[in-house]
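For reference, the structure is listed below as structure tokens.
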Amino acid sequence: MLQVQNISFGYTKKTILDHISFSVAQGEQLSIIGESGSGKSTLLKLLYGTYDLPEGDILWKDQPILGPKYNLVIGYDFMKYVAQEFDLMPFISVKENIGKFLSNFFPEEKERRTTELIELVDLVEFTDVKVKLLSGGQKQRVALARAIARQPEIILLDEPFSHIDNFQKQTLRRNLFKYLKEKNITCVVATHDREDVLPYADQMIVLNDGKIIAYDTPENLYKQPEKPLIASFFDEFNTIKASDLNLETTNASVFVYAHELQFTKEAALEVEIKHNYFRGHLYLIEADFNSESIFFYNNSPLNINQVVNLKLTETAKKRIELQ
Ligand code: ADP
Ligand code: MG
């Protein structure tokens with residue numbers, strides 16, 4: 001179990017992280033989300049022991065994680081960290097980089113393990129290529145493979161797929177997260193991609209202004225986002241007055257995801273179409289409601305300036321009235 005107890009930190013007098021506490025059980029995955037500059041990378045670096053903590057404690061299985069004041073060499077064997085700027089050895093091959101920390105006493109085992117890892121991150125055809133010749137995304141794959149090579153107990157990933165193109169991202173993400181679960185490796189991921197979070201995270205925290213403003217399962221936060229920052233992480237959403245939707249809720253206004261609005265013939269939200277955005281399987285439609293933009297989906301584009309009525313889907317009504 002990773003335990004983070006009331007930690008605070010700043011590079012200068014300015015506080016970056018302000019009394020942060022959370023815990024992650026063995027084998028679980030925690031996602032850290034928040035806007036750029038909210039302190040996600042700083043938090044991961046603290047978990048790794050990169051800096052000394054002015055306040056609070058970080059423990060892995062009751063062992064304190066200590067900073068450079070107490071550790072000559074930063075980091076611990078049981079923990080691996082893949083930084084946003086992954087640092088690899090440019091002049092040796094993919095295979096050598098990945099095998100770097102594997103023991104040479106068992107050459108066959110080393111060979112088998114390296115091959116397995118190269119396959120996991122889908123770099124077979126680059127096995128003997130020098131790392132300096134790889135693209136950013138390929139380097140990121142090498143960094144990920146190297147981090148899990150010696151099967152750490154806990155792994156810290158900073159935007160692990162940010163350099164990897166969409167063609168391959170989904171497969172790599174599935175392979176990696178499945179692998180970590182199978183091996184019961186605890187994982188903390190800083191990300192701004194909901195695809196890293198929704199299907200994989202057991203818990204997530206949302207950082208804002210140095211504080212944790214939400215800490216729950218992705219499903220609970222998706223269903224009850226409470227703040228615009230949280231809803232916007234998941235999907236296109238609208239803030240609508242509860243009275244405009246005839247909702248039974250004590251909240252004056254509610255968050256409605258774009259996919260939760262549908263056409264109706266009844267008098268409901270009357271909106272005027274302004275713009276169609278092609279989104280692949282659907283169009284995101286921007287319309288005007290009382291001089292404010294409102295977003296919803298439709299399977300075909302709509303005529304600009306056309307007036308239509310929208311209402312909440314039944315599922316959305318239930319979701320929102322539960323809040
Ligand atoms: P995120 O990863 O969420 O984008 P960071 O943890 O990188 O956020 O940064 C949080 C804040 O700390 C930012 O305001 C950033 O400018 C500042 N910061 C990050 N690294 C350093 C550093 N080494 N020295 C001083 N300030 C830093
Ligand atoms: Mg960062």
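What follows is calculated from the coordinates using simple rules that are stated; it is not laboratory data. Keep in mind the model is a prediction, meaning the values are calculated, not measured. FYI the Cβ positions are ideal-geometry reconstructions off the backbone, even for glycines, and counts take in every protein chain you see.
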Classified through the alpha carbon gyration tensor (a ≥ b ≥ c as square roots of its eigenvalues; rounded if a/c is under 1.5, else prolate when a/b is larger than b/c, else oblate), the range 1-87 comes out rounded
The alpha-carbon center of the range 237-267 and that of the range 105-175 are separated, in whole Å, by 45
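At a 10 Å Cβ-Cβ cut-off, how would you order Met204, Met1, fewest neighbours first? Don't skip to the end; give the middle numbers.
Details: Met204 28, Met1 13.
Least to most surrounded, the residues fall as Met1, Met204.
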Of the chymotrypsin sites (Phe, Trp or Tyr not before Pro) in the range 28-80, those whose Cβ has at most 10 other Cβ within 10 Å and which sit in DSSP loop = Tyr70
So in the chain, what percent of DSSP beta bridges are antiparallel if you round to the nearest 5?
-> 70
Whether the chain is rounded, prolate or oblate, judged on the alpha carbon gyration tensor where a/c under 1.5 counts as rounded = prolate
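Given only helices, namely DSSP H runs of n ≥ 4 each adding -39500 (n - 2.57), what is the per-residue ellipticity at 222 nm of the chain, to the nearest 500 deg cm²/dmol?
-7500 deg cm²/dmol
Which of Arg141, Arg173 comes first, and how do the rest follow, when ranked by fewest Cβ neighbours within 10 Å? If you can, show how the numbers build up before the last one.
Working: Arg141 28, Arg173 18.
Going from least to most buried by this count: Arg173, Arg141.
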Of the chain, which part is the longest with no GluC sites (Glu not before Pro) in a loop (DSSP not H, G, I, E, B) and with at most 12 other C-beta atoms within 10 angstrom?
-> 86-247
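Set the Förster distance to 45 Å, then compute FRET efficiency between Asp62 and Leu284 from the Cβ-Cβ distance, nearest 0.05. Present the calculation step by step, with values, prior to reporting the outcome.
Working: r = 49 Å, r/R0 = 1.09.
The formula returns an efficiency of 0.35 here.
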Note, ³J(HN,Hα) from phi for the range 195-204, Karplus 6.51, -1.76, 1.60, rounded to Hz, x at Gly and Pro = 5, 6, 9, 3, x, 10, 6, 7, 9, 9
Could you give the dipole magnitude of the chain about its Cα centre, charging the beta-carbon of Lys and Arg +1 and that of Asp and Glu -1, in debye to the nearest 20?
-> 720
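Can you put Lys241, Lys14, Lys274, Lys95 in order of Cβ neighbours within 10 angstrom, beginning with the fewest? Present the calculation step by step, with values, prior to reporting the outcome.
Working: Lys241 12, Lys14 7, Lys274 15, Lys95 20.
Ranked by crowding around the Cβ, least crowded first: Lys14, Lys241, Lys274, Lys95.
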Rounded to one decimal in nm, the spacing of the 7 Å Cα→Cβ label points at Glu314 and Glu292 is 2.8
Which lysines does Lys14 reach when only Cα atoms under 30 Å apart count, and residues fewer than 8 places away in its own chain are ignored?
-> Lys40, Lys45, Lys69, Lys80, Lys211, Lys227
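Which whole-number percent is the relative contact order of the chain (Cα, under 8 Å, 6+ apart)? Don't skip to the answer; put the middle values down first.
Working: 607 pairs, mean separation 51.7, N = 323.
In percent, rounded to a whole number, it is 16.
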